[in-house]
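Enquirer: Before I ask anything, let me first share the structure, which is written out below as structure tokens.
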Amino acid sequence: MSDMVENIRPTRTPAFEARLKKRYASERRFKALGLGAILFSIAVLVFLLVTMALNGFGGFQRTELRVPVDFAAAPVSVPADAADERAVVQSLERQGLRDIITFSATEAFGEEGAAQLNSESWRIVAQEIAEDPSLARGQQEFWLPTSEDLASAYAGDGSAELQPLAQQLTEQGHLEDNLDLGFLERADATDPQLVGIWGALKGSILTMIVTLLLAFPIGVLAALYLEEYAPKNRWTDLIEVSINNLAAVPSIIFGLLGLAVFLWIFPSYRSAPLIGGMTLALMTMPVIVIAGRNAIKAVPPSIRDGALAIGASPVQVVFHHVLPLALPGILTGTIIGMARALGETAPLLLIGMRAFVASPPQGFTDNATVLPMQIFLWSDEIDRGFVERTSAAIIVLLVFLLLMNGLAIYLRNRFEKKW
Amino acid sequence: MVMSEATDSPLASQAQKSLEHENIETGEPKMRARDVDVYYGQKKAIDGVNIDVFTEFVTAFIGPSGCGKSTFLRALNRMNDTIPSARVTGTIELDGEDIYASGMDVVQLRARVGMVFQKPNPFPKSIYENIAYGPKIHGLAENKADLDVMVEKSLRRAGLWEEVKDRLDDSGTALSGGQQQRLCIARAIAVDPEVILMDEPCSALDPIATAKIEELIDELRGRYGIVIVTHSMQQAARVSQRTAFFHLGHLVEYGHTSDIFTNPAEKRTQDYITGRYG
Amino acid sequence: MVEHTVKAFDEDITRLRGLIAEMGGLAEVAIQQSLQALVQGDEELASEVVKRDAKLDALETEVDAMAVRILALRAPMADDLREIVAALKIGGVVERIGDYAKNIAKRVGRIEGRSKFEPLTLLPAMGEVAAEMVHDVLTAYAARDPVMAREVIERDDKVDAFYDSIFRNLVSHMVENPATISSAAQLLFIARNLERIGDHATNVAEMVHYSATGAYPDDIER
């Protein structure tokens with residue numbers, strides 16, 4: 001070390017101090033940038049959520065008329081030995097429930113008002129009676145959906161002719177927007193007043209189950225094989241490159257694949273959750289494999305060595321030690337993959353899950369649609385009533401996504417072990 | 001050299017005892033290596049090693065970095081099998097059986113020849129589970145009560161029981177470094193091995209933890225054949241009765257520890273242990 | 001000899017050996033000068049020899065301290081260890097050689113009528129052999145030469161032979177001239193000291209051999 005004339009260490013000169021200040025300044029700038037980026041993202045997210053919430057809130061409401069029905073004057077009987085709800089409804093229909101309701105409405109609002117009662121209202125009354133036969137006695141009051149036109153008029157859109165009627169009925173207390181939780185129980189319909197999201201929701205759930213049951217085991221086992229057992233040669237490299245590329249393939253290609261292969265094998269199951277799930281599983285699997293491989297690679301070799309040295313067989317090392325430690329990472333990959341699959345529309349378009357499905361699917365092989373598809377279909381509709389329903393459906397999709405991710409994160413945290 | 005009997009000091013009797021340890025009667029060697037070569041691909045890491053390991057002694061492997069002592073140690077329980085490019089020729093016998101023969105069950109071999117590593121590597125499970133894992137996978141316990149007994153016995157032998165008996169469900173990784181290493185030793189003991197291989201077990205530990213492990217090794221001597229690879233010549237001198245000096249893949253000298261450290265036969269050995277190496 | 005990787009270790013050992021060499025030189029001089037004083041009856045020289053013995057004692061203390069320090073700080077092994085242990089013991093032995101020389105010097109004043117004593121002329125010859133043994137064994141030490149050390153051991157027989165003949169000579173002198181008994185007794189003691197110096201030089205030779213080879217010269221009785 002040379003002590004020059006000034007005898008000053010290089011870290012004590014003013015030049016050094018100036019450079020140090022610059023370094024601190026650039027640190028602060030960088031932090032600010034990062035913070036700015038996060039705040040911006042949060043702002044966008046909040047904006048999206050608020051917009052959705054504001055728009056969608058109306059989707060959980062329904063314009064309804066209060067119809068008083070006097071069953072004493074027009075009695076109906078509920079057959080005691082009815083096989084199911086449909087039989088009761090049919091019986092009530094035969095007993096003229098439709099006319100009873102129309103009559104009651106006319107009594108309450110006059111002919112014009114009664115004409116604006118939704119044509120399916122009697123069915124709703126019938127279903128309620130089927131559930132609770134005590135409703136078929138005495139004075140009852142039913143909040144029943146209006147027709148689409150009156151609903152539009154109530155909202156301030158639609159034809160100007162119905163506006164005064166709407167106003168009048170509102171002042172009389174007969175017309176209101178009520179909370180419509182039935183939205184979550186009903187299936188798709190042509191009338192926005194009668195539409196529900198349950199069909200699509202159940203379709204999504206069934207499809208996700210199929211996707212998970214196929215993609216997760218195959219993906220995890222593939223990742224295990226590639227990391228633990230595959231010999232390090234050209235073939236393995238080829239497989240690795242292929243899987244990495246698969247993860248980047250546009251999702252519509254998988255739809256083509258599903259169309260060509262799955263529907264060729266199961267032609268009668270077009271638009272079934274089984275086919276949809278299989279197609280989405282193809283799409284999700286590469287993501288799980290990649291995340292799984294990284295998670296497995298991250299398990300320290302000391303754990304493997306420790307297990308081997310005790311006399312564990314390679315399979316035991318993998319399943320008792322490597323897999324549990326890699327599980328959090330694998331679950332993360334699964335979350336990402338499943339979230340993507342939940343929101344996919346393009347591949348399902350091609351395999352035909354875009355049909356109008358009026359009732360919720362009963363099993364994996366029934367016709368079904370999924371949430372994003374439903375949103376797409378509704379957003380295509382001309383009727384104004386569907387706008388709010390679309391936003392409501394988006395909210396349902398987001399909540400479903402949140403729940404799914406929440407479950408996965410909970411599982412991941414439970415399995416997280418410190419090494 | 002005449003040992004003075006005039007002193008009754010504990011040091012004198014201890015010195016006498018340690019000399020006696022080197023000279024006790026032995027049976028057949030537990031493990032026997034003859035003409036062992038180990039290759040990593042084309043590179044020869046171990047060249048023509050002949051050595052005997054006895055249950056009665058602690059055998060130390062010393063030598064400069066990269067001399068192959070760890071490689072040879074790992075060959076003794078076939079841990080080199082995990083490295084694809086590794087190849088072992090020659091014979092290594094355990095109780096007369098060639099451990100590289102095609103009929104030899106590697107899993108069983110590793111239960112008989114256990115290993116403790118340089119960095120303590122307890123499983124990320126509870127202390128109880130760490131010890132119980134080995135007996136479980138080898139089916140050594142009939143029921144939970146048996147397993148409890150085994151766990152306690154191993155922990156007692158490793159000198160860890162008193163410190164952890166009230167917290168067997170705590171994570172193994174929550175212990176201090178020295179305790180973790182003793183846990184790993186207890187884990188190796190739990191499957192009732194015949195030989196324990198230790199690869200620089202104390203290099204990550206402080207002097208007090210090191211002393212405890214050395215004391216433990218002394219207690220285990222005779223019950224299990226112990227082979228310890230160490231960078232510290234002082235440790236090799238303290239702990240072992242037989243010492244082997246490795247250099248560039250060759251076994252240069254193997255003999256009584258006190259001879260190696262007071263009057264080695266080979267100049268290379270002498271240069272290394274006196275710090276003239278390099 | 002290849003140097004230690006840690007240079008300070010080599011420096012320590014070199015200093016230790018230097019101390020031993022210095023002690024050896026002093027002891028040699030003491031032997032020669034004490035005999036010279038005896039033959040010439042020079043009491044001044046004799047008292048100088050006695051005084052200078054203190055220096056030898058001090059050096060021995062220094063050798064002890066240095067050796068213990070090296071043992072503690074360097075943890076020497078193999079030949080280094082033997083070297084340090086040998087240095088410790090040699091230091092003690094050379095100090096005793098110095099003490100014997102001092103003892104000889106002390107007796108110089110108690111001898112009367114030296115010209116009459118025939119055995120007086122034998123003593124310098126014996127002393128020379130002993131002094132040579134000391135000189136050579138320290139040369140062997142410096143050279144770490146076990147062969148030379150062995151050769152020194154064999155010379156002890158000569159010293160013993162000298163002693164036997166001087167003993168007989170003095171005894172017969174005492175028998176013939178009882179008046180000279182007290183002076184003769186002094187000479188006996190001096191001869192005894194020289195014989196002991198020879199034995200001690202042998203001890204040093206054995207340590208040199210041990211340090212160099214790790215074994216004691218086995219065909220010599222200890």
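Bear in mind these aren't lab numbers, they're just calculated from the coordinates by the rules spelled out. Every value quoted in this text rests on a predicted model; they were computed, and no experiment measured them. Note that we place each Cβ from the backbone using ideal geometry, even for glycine, and neighbour counts take in every protein chain shown.
Enquirer: Taking each residue of C:69-76 in turn, how many C-beta atoms of other protein chains fall within 10 Å of its C-beta, and what is the average?
Expert: 1
Enquirer: Okay, moving on. With both partners inside the protein assembly as shown, how many of the DSSP beta bridges are antiparallel, as a percent to the nearest 5?
Expert: In the protein assembly as shown, approximately 65 percent of DSSP beta bridges are antiparallel ones.
Enquirer: What's the angle, to the nearest 10 degrees (0 to 90), between helix A:273-297's Cα axis and the longest principal axis of chain A?
Expert: The angle comes out near 20 degrees.
Enquirer: Let me ask you something else. Determine, for chain C, the count of lysine pairs separated by eight or more sequence positions (or lying on different chains) whose alpha-carbon distance falls under 24 Å.
Expert: Taking chain C as the scope, the lysine pair count is 9.
Enquirer: Is chain B rounded, prolate or oblate when judged by the Cα gyration tensor, a ≥ b ≥ c being the square roots of its eigenvalues, rounded requiring a/c under 1.5 and prolate requiring a/b larger than b/c?
Expert: Working: a/c = 1.71, a/b = 1.18, b/c = 1.45.
The shape class here is oblate.
Enquirer: Tell me the label-point distance for the pair A:GLU381, A:ILE42, using the 7 Å Cα-to-Cβ offset, in nm and rounded to one decimal.
Expert: Roughly 3.7 nm, to one decimal.
Enquirer: At a 10 angstrom cut-off on C-beta neighbours, averaged per residue, how do the peptides C:39-49, A:239-249 rank from highest to lowest?
Expert: C:39-49, A:239-249
Enquirer: Still on this model: Determine, for A:THR390, A:THR284, A:THR11, the number of other Cβ atoms within 10 Å of each Cβ, and report the residues in order from fewest to most. Display every interim value, and only then the final one.
Expert: Working: A:THR390 22, A:THR284 31, A:THR11 8.
By the 10 Å Cβ count, ascending, the order reads A:THR11, A:THR390, A:THR284.
Enquirer: Follow-up question, since we're still on this one. For a test of the definition: using alpha carbon positions, the gyration tensor, and the 1.5 limit on a/c, classify the stretch A:359-419 as rounded, prolate or oblate.
Expert: Oblate, since a/c reaches 1.5 and b/c is not below a/b.
Enquirer: Can you figure out the FRET efficiency of B:ASP37 with A:ASP237, using R₀ = 41 Å and their beta-carbon distance, to the nearest 0.05?
Expert: Working: r = 31 Å, r/R0 = 0.76.
Approximately 0.85, to the nearest 0.05.
Enquirer: Sum up the charges of everything whose Cβ sits under 9 Å from the Cβ of A:ARG293, counting Lys and Arg as +1 and Asp and Glu as -1, but leave A:ARG293 out.
Expert: -1
Enquirer: Starting from the Cα of B:LEU140, step 7 Å toward the Cβ, then list every residue of the stretch B:169-183 with an amide N under 16 Å from that point.
Expert: Zone members listed by number: B:183.
Enquirer: Quick check on packing: order C:205-216, C:181-192 by the mean number of other C-beta atoms within 10 Å, highest mean leading.
Expert: Descending mean neighbour count gives C:205-216, C:181-192.
Enquirer: Continuing with the same structure: In nm, what is the difference between 0.36 nm times the number of residues separating C:ILE181 and C:ASP57 and their Cα-Cα distance?
Expert: Extra length available between C:ILE181 and C:ASP57 comes to 41.3 nm.
Enquirer: Inside 10 Å of the C-beta atoms of A:299-307, what's the mean count of C-beta atoms belonging to other chains?
Expert: Numbers: counts 0, 2, 2, 6, 4, 2, 8, 13, 6.
Going residue by residue through A:299-307 and averaging, the value is 5.
Enquirer: Subtract the Cα-Cα distance of C:GLU11 and C:LEU73 from 0.36 nm times their separation in residues, and report this length gain in nm to one decimal.
Expert: Between C:GLU11 and C:LEU73, full extension yields 21.0 nm more.
Enquirer: Beta carbons within 10 angstrom, averaged per residue: use that to sort the peptides C:86-93, B:93-100, highest first.
Expert: Those peptides, ordered most packed to least, come out C:86-93, B:93-100.
Enquirer: Using square roots of five times the C-alpha gyration tensor eigenvalues, list the equivalent-ellipsoid semi-axes of the protein assembly as shown in whole Å, biggest first. All intermediate terms of the calculation are to be shown ahead of the outcome.
Expert: On the way: eigenvalues 2151, 190, 115 Å².
Working through the eigenvalues yields semi-axes of 104, 31, 24 Å.
Enquirer: If you take each beta carbon of peptide B:259-270 and count the beta carbons of other chains within 10 angstrom, what is the mean?
Expert: The per-residue average across the peptide is 3.
Enquirer: At what distance in nm do the modelled label points of A:LYS21 and B:THR26 sit from each other, each positioned 7 Å from its Cα along Cα→Cβ?
Expert: Computed distance between label sites A:LYS21 and B:THR26 equals 7.3 nm.
Enquirer: Cα axis of helix C:7-40 to longest principal axis of chain C: angle in degrees, 0 to 90, nearest 10?
Expert: 0 degrees
Enquirer: Using the alpha-carbon atoms, what tilt in degrees (0 to 90, nearest 10) does helix A:301-310 show relative to the longest principal axis of chain A?
Expert: Roughly 90 degrees between the two axes.
Enquirer: Given the stretch C:157-207, what whole percent of its Cα pairs are spread farther than 11 Å? If you can, show how the numbers build up before the last one.
Expert: On the way: 858 of 1275 pairs.
Roughly 67 percent, rounded to a whole number.
Enquirer: Mean separation of Cα pairs under 8 Å and 6+ residues apart, divided by the residue count of chain B: what relative contact order is that in percent?
Expert: Once normalised by length, the contact order is 26 percent.
Enquirer: Evaluate E = 1/(1 + (r/R0)^6) for C:ALA142 and B:ARG223, where r is the Cβ-Cβ distance and R0 equals 56 Å; express this FRET efficiency to the nearest 0.05.
Expert: 0.65
Enquirer: Classify chain A as rounded, prolate or oblate, taking a ≥ b ≥ c as the square roots of the eigenvalues of its Cα gyration tensor: rounded when a/c is under 1.5, otherwise prolate if a/b is larger than b/c and oblate if not.
Expert: Cα axes put chain A in the prolate bin.
Enquirer: Sort all Cα-Cα distances of the stretch A:64-179 into consecutive 5 angstrom bins from zero, then give the percent of pairs in each bin up to the one containing the longest distance.
Expert: All Cα pairs considered, the percentages come to 2, 12, 23, 22, 16, 11, 8, 4, 1, 0.
Enquirer: Ok, one more. Let me test this: with uniform point scatterers at the alpha carbons of the stretch B:163-276, what is the Debye-based log₁₀ I(q)/I(0) at q = 0.09 1/Å?
Expert: -0.30
Enquirer: Please check: in the Gaussian network model of chain C (C-alpha springs, under 10 Å), which one of C:ALA37, C:ALA78, C:ALA67 has the largest mean-square fluctuation.
Expert: C:ALA78
Enquirer: What whole number of Å gives the distance from the Cα centroid of the stretch B:38-97 to the Cα centroid of the stretch B:191-243?
Expert: Value for the Cα centre distance between the two parts: 18 Å.
Enquirer: Tell me the net charge near A:MET373. Cut-off is 12 Å between Cβ atoms, A:MET373 excluded, with +1 for each Lys or Arg and -1 for each Asp or Glu.
Expert: Net local charge, A:MET373 excluded: -2.
Enquirer: In the structure shown, do any of A:LYS22/B:LYS119; A:LYS21/A:LYS297; B:LYS43/B:LYS119; B:LYS30/B:LYS153; B:LYS43/B:LYS136; A:LYS232/B:LYS136 have a Cα-Cα gap over 30 Å, and if so which?
Expert: Details: A:LYS22/B:LYS119 42 Å; A:LYS21/A:LYS297 41 Å; B:LYS43/B:LYS119 26 Å; B:LYS30/B:LYS153 24 Å; B:LYS43/B:LYS136 39 Å; A:LYS232/B:LYS136 33 Å.
Over 30 Å Cα-Cα: A:LYS22/B:LYS119; A:LYS21/A:LYS297; B:LYS43/B:LYS136; A:LYS232/B:LYS136.
Enquirer: Convert 20 °C to kelvin, take the viscosity as 1.002 mPa s, use the Kirkwood radius over C-alpha pairs of the stretch B:53-93 as Rh, and evaluate the Stokes-Einstein diffusion coefficient in µm²/s, rounded to a whole number.
Expert: 183 µm²/s
Enquirer: Would you tally the net charge around B:ASP81, using a Cβ to Cβ cut-off of less than 13 Å, leaving B:ASP81 out, and scoring K and R as +1, D and E as -1?
Expert: +3
Enquirer: Of all DSSP beta bridges in the stretch B:27-273, what percent run antiparallel (nearest 5)?
Expert: 55 percent
Enquirer: Can you spot the aspartates and glutamates whose alpha carbon is less than 17 Å from B:LYS69's alpha carbon? Ignore those fewer than 8 places along the same chain.
Expert: B:ASP35, B:ASP37, B:ASP47, B:ASP52, B:ASP81, B:ASP199, B:GLU200, B:GLU253
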